[in-house]
Amino acid sequence: MSGAVLQLVGVTQQYGEGETSVSALSGVDLTVDKGELVAIMGASGSGKSTLLSIAGGLQKPTSGEVVVEGTYLSTATRRDLAQLRRRSLGFVFQDFNLIPTLTAVENVTLPLELDGFRARVARRAGRDALASVGLEDKIDSYPDDLSGGQQQRVAIARAVVGGRRLILADEPTGALDSVTGEAVMKMIRHRVDQGAAGILVTHEPRHAAWADRIVFLRDGRIIDETQRHGADALLSSTR
Ligand SMILES: Nc1ncnc2c1ncn2[C@@H]1O[C@H](COP(=O)(O)OP(=O)(O)OP(=O)(O)O)[C@@H](O)[C@H]1O
Ligand SMILES: [Mg+2]
């Protein structure tokens, strides 16, 4: 067994048909190991969100294979996919995706409750996760009563609660001030160091610097990859 939590093999994504079709991803190969955090950078429209969505099994690629913890997503049943998403995956969407009729702590604990955790155990885990992003005094607030940055932190707490093993975060620091942004990066890094694997989409070189490796996308292709120690040089040369 390799340490790979996620493998993308020859993944392509085509939107639409004929002359107006868009190649959002073209032949992307990417492996993320346990304990590894990969940052993805690239211009708007380069395919970053599409890659995350395919990696998390939220959409099927036009071609290619995705393997998460040994499960081939192309042949997995709906039930297996649902269970994988509930148990193994922590998703932070670009637009947060909080449920407006649930409080902060209810949003965070929803995946745990769906997975059969007892309500009290789930609530304790949810409170701890919210406290770790500095929201201990907002656990019973509804999303509409929170600022954009606070909503983003709730979404991050939800993505790491209950020991999720593959964290897929789409610009999780986009709406945050720099201090909170650093705290969020620390939290993701900590979860990965505990044995998860992570992909982080970011425009911020200083947040990408938390990753073990940076992958650059352009027009749906990986154009460059760096190991941790090469990251600074590559970042400054592409700026
Ligand atoms: N549902 C869709 N239907 C048609 N085209 C789409 C769809 N989703 C994305 N695209 C196109 O695919 C390409 C990649 O989009 P994607 O959202 O993955 O980019 P991104 O790198 O996440 O951009 P951003 O930094 O702006 O979030 C873009 O050209 C986009 O217009
Ligand atoms: Mg995007």
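Since every read-out is calculated from the coordinates, none of them should be taken as a lab result. Owing to the predicted nature of the structure, the values given are computational and were not obtained by experimental measurement. Note that each Cβ is placed from the backbone with ideal geometry, even for glycine, and that neighbours are counted across all protein chains shown.
I'd like the orientation of helix 148-160 relative to the chain: the angle between its Cα long axis and the longest Cα principal axis, in ° from 0 to 90, rounded to 10.
It works out to around 80 degrees.
Just the Kirkwood number for the stretch 130-184, please: inverse of mean 1/r across all distinct Cα pairs, in Å, one decimal.
After inverting the mean inverse Cα-Cα distance, the result is 11.6 Å.
As an exercise, identify the trypsin sites (Lys or Arg not before Pro) in the stretch 116-195 lying in DSSP coil whose Cβ has no more than 14 other Cβ atoms within 10 Å.
Passing sites in the stretch 116-195 are R118.
For a quick check: sort V28, V22 by the number of other beta carbons within 10 angstrom, fewest at the front.
Lowest count first: V22, V28.
Towards the positive end of the charge dipole of the chain, with charges on Cβ (+1 Lys, Arg; -1 Asp, Glu), say which of S26, G90, A122 has the farthest Cα.
A122
Once you have the alpha carbon radius of gyration of the chain, what is it after dividing by 2.2 N^0.38 Å, with N set to its residue count?
Values: Rg = 17.5 Å, N = 239, 2.2 N^0.38 = 17.6 Å.
In units of the globular-protein estimate, the chain measures up at 0.99.
How far is helix 104-114 tilted off the main Cα axis of the chain, in degrees rounded to 10, range 0 to 90?
Approximately 70 degrees, to the nearest 10.
I'd like the distance separating the alpha-carbon centroids of the stretch 98-142 and the stretch 1-32, in whole Å.
Comparing the Cα centres of the stretch 98-142 and the stretch 1-32, I get a distance of 33 Å.
Using 0.36 nm per residue of separation minus the Cα-Cα distance, give me the extension gain between R78 and K60 in nm, one decimal.
5.3 nm
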